[in-house]
Every structure is written in C-alpha cells, then in structure tokens.
Amino acid sequence: MKWPIQQKRDFDINEQRRQTFLQSQKLSRKLQDDWVTLEKGHIR
C-alpha cells in the first residue's frame, strides 16, 4: 500500500513516540520493582 510521504512520516513519528513511551513504561516499572526489592532488603 502506497502512502503519501507526509502521512508515512507522521506514522513513523507516532510509532517512534509509542516505542519510546513503551520503553519508559517498562523502565519505570523495572525501577519500581528494584526499589521494592531494595526496600524489602533493608527491612529485613
């Protein structure tokens, strides 16, 4: 399927944003898990 250049560009930009967002979500979740683990470690 052929897209107009502008539309394709917009799509790429949105896809990039989505990927970045997902990455940051994953990262913050991992950080939270690490933090919880750390906290538990300190309590013991």
Review point. How many residues, within region 1-37, are in a helix (DSSP H, G or I) and more than 23 Å from the chain's Cα centre (by Cα)?
Key: 3
Point to revise | So Lys26, is it modelled with pLDDT under 95 and of a type outside the set (Phe, Trp, Tyr) | key: no
Exercise for review: Give region 5-35 a look and list any residue that's β-branched (Val, Ile, Thr) and surrounded by 10 or more Cβ atoms within 10 Å (Cβ to Cβ), or say none.
Suggested key: Ile13, Thr20
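The values are calculated or read from the model by the stated rules, or taken from the named source; none is laboratory data. Computed from a predicted structure; not experimentally measured. Glycine gets a Cβ as well: all are built from the backbone with ideal geometry, and neighbour counts include every protein chain shown.
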